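Input: a single structure, listed below in structure tokens.
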Amino acid sequence: MYDYTYSYAYEKFNSAIHTLAVLDGDVRSRLMVAFEGSLLCIDVNKLPIDAIPKWVKAHKMATKYNERYKGEEANFREYKGTWERLRPSPYEATFRRIKNSTGREIAELIFSVWSIIQVDFFSFCESKYIKE
């Protein structure tokens, strides 16, 4: 059995692409599921070099906000300790605030990363198949 270097990322991005393609709802709700379900633990060191800038940009865009609306944290300050339990994830906060067009841009970046991984994976498989 061969060890494909990017197998973890291959699996996670395949799952994310499936989610983005078939789940109901607008792109923001599908991105929420894709990130929190498949892409949450992606390590840039486990990606092909060409995919890293695209992934970094997508992740940065997907975690832009820490509040679902501006001033949300201030509204909860008087309830000591409560805010920490009510704090949305950066993904939840961001996907509730961005426009659908921004969500589409993030989805396109995820697709680009997935495409790079696909090419790398099939090159790996082809090289192993030809050598045998």
Quiz item: So which of Ser89, Ser101 is among the polar types (S, T, N, Q) and modelled with pLDDT of 90 or more?
Solution: Ser101
Quiz prompt | Residue in segment 35-65 that is nearest to Thr102 (Cα to Cα), counting only those that are touching a His at 6+ places or on another chain (Cβ under 9 Å) and surrounded by 14 or more Cβ atoms within 10 Å (Cβ to Cβ) | solution = Phe35
Practice problem: Return only the number of the condition from (1) part of a helix (DSSP H, G or I); (2) in contact with a helix residue (DSSP H, G or I) (Cβ under 9 Å, 6 or more places away or on another chain); (3) over 26 Å from Phe124 (Cβ atoms) that Lys60 does not satisfy. | Solution: (2)
Self-check item: Tabulated pairs, segment 97-115, first within 23 Å of Glu67 (Cα to Cα) and touching a residue at least 24 places away in the same chain (Cβ under 8 Å), second crowded, with 17+ Cβ neighbours inside 10 Å and of a type in the set (Phe, Trp, Tyr), C-beta under 6 angstrom, 6+ apart or interchain
Solution: Arg97/Tyr65
Practice problem: Would you be able to tell me the number of residues in segment 8-30 that are in contact (Cβ under 8 Å) with a residue 40 or more places away in the chain and part of a helix (DSSP H, G or I)? | Solution: 11
Self-check item: Top-ranked residue in segment 85-111 [being hydroxyl-bearing (Ser, Thr, Tyr) and within 22 Å of Ile52 (Cα to Cα); ranked as surrounded by the most Cβ atoms within 10 Å (Cβ to Cβ)]
Solution: Thr94
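With the structure loaded, tell me whether Glu84 is at pLDDT below 90 and part of a helix (DSSP H, G or I) or whether it fails that test.
Details: at pLDDT below 90: yes; part of a helix (DSSP H, G or I): yes.
Spelling it out, Glu84 is indeed at pLDDT below 90 and part of a helix (DSSP H, G or I).
So that you can scan it fast, the table gives a plain yes or no per residue for (1) under 18 Å from Lys12 (Cβ atoms); (2) modelled with pLDDT of 85 or more; (3) not in a helix (DSSP H, G or I):
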{"residue": "Glu105", "(1), (2), (3)": "no, yes, no"}
{"residue": "Glu108", "(1), (2), (3)": "yes, yes, no"}
{"residue": "Ile117", "(1), (2), (3)": "yes, yes, no"}
{"residue": "Tyr129", "(1), (2), (3)": "no, no, no"}
Quiz item: Do the conditions hold for Arg68, that is, is it closer than 19 Å to Gly103 by Cβ and at pLDDT 90 or above?
Solution: no
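The values are calculated or read from the model by the stated rules, or taken from the named source; none is laboratory data. None of these values were measured; they are calculated from a predicted model. Please note: Cβ atoms are built from the backbone with ideal geometry, for glycine as well, and neighbour counts cover all protein chains shown.
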